[in-house]
Each structure stands twice: as structure tokens, then as C-alpha cells.
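The structure appears below as C-alpha cells.
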Amino acid sequence: MKVSELVEKFGLKVFSGESGLENEISGGYVSDLLSDVMGNAQEGEVWITLQTHQNVMAIASLKELAAVILVKGFEPEEDTLERSNEEGIPVLGTDKATFEMAGNLYITLT
């Protein structure tokens, strides 16, 4: 599944990183602890978090993630948007809770 398909299926808001909307998704990872994501997320996964600062993009780029989904209506900081556009990794948003978004992603990808 491509990031663009996920956006359409769940009505996600695209904050930035539009050039990465055709990234392929291989799975998902849920954590708000950056060191956990750095140590355990896999290339091509979608990261679900409520963290909004630019370090999110540093980790997403390092791990070559497909996209980042911000939950509970959180919005990214300006420097996060800039980094997302530079890296081509979409930052997406939803009003859904983490549990709900993770469940939807799991059902969609399995």
C-alpha cells in the first residue's frame, strides 16, 4: 500500500512531505519514545506518534520510514514541516486516538 492510499482511506491530513506520498508502506510502528523508534522501527513503516518536533523527522529519515502520522489532532512544528519536505517523508494528521489509528493501520495492512 502507498502512503497516498492510506491518506485517502482514512481521510488523513497531509501537513508536508507531499513528494513522499507514493512511498510504499511495509508496516507500522507506534511509540512516543524517540530512542525506541530509533532502535526498533523498520524501513518502510509508518510511525504513529504525538511527538511534533523536528527530531521526529531526524529519526524518520534515519530509519527510512514511509510516513509519520500525528494523532489526537496534534500539528507539527514549523521546523518539522521544513524537514519533512526536505526528506520527502510525509507528516500526516488525524483526530483519532493512537489506539484507534494503530488498529485501523493494522487491519488495513494485514
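The figures follow:
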quantity	calculated
Separation between Cα centres of region 67-108 and region 28-45, rounded to whole Å	13
Inter-site label distance for ALA58 and ASP36 at 7 Å from Cα along Cβ, in nm	2.0
As computed over the chain, the Cα convex hull volume per residue (Å³)	77
Residues whose placed amide H lies under 5 Å from that of VAL30, excluding near-sequence neighbours	ILE48
Calculated from backbone phi, Karplus (6.51, -1.76, 1.60) coupling profile of region 71-77 in Hz, x at Gly/Pro	9, 6, x, 5, 10, x, 6
Over the chain, relative contact order from alpha-carbon pairs under 8 Å, at least 6 apart, %	32
Amide proton proximity set for PHE15, modelled H, under 5 Å, gap of 5+	VAL91, LEU92, GLY93
Percent of beta bridges antiparallel (DSSP, the chain, rounded to nearest 5)	25
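Bear in mind these aren't lab numbers, they're just calculated from the coordinates by the rules spelled out. Quantities reported herein were computed from a predicted structural model and do not represent experimental measurements. Cβ: placed from backbone, ideal geometry, glycine included. Neighbour counts: every protein chain shown.
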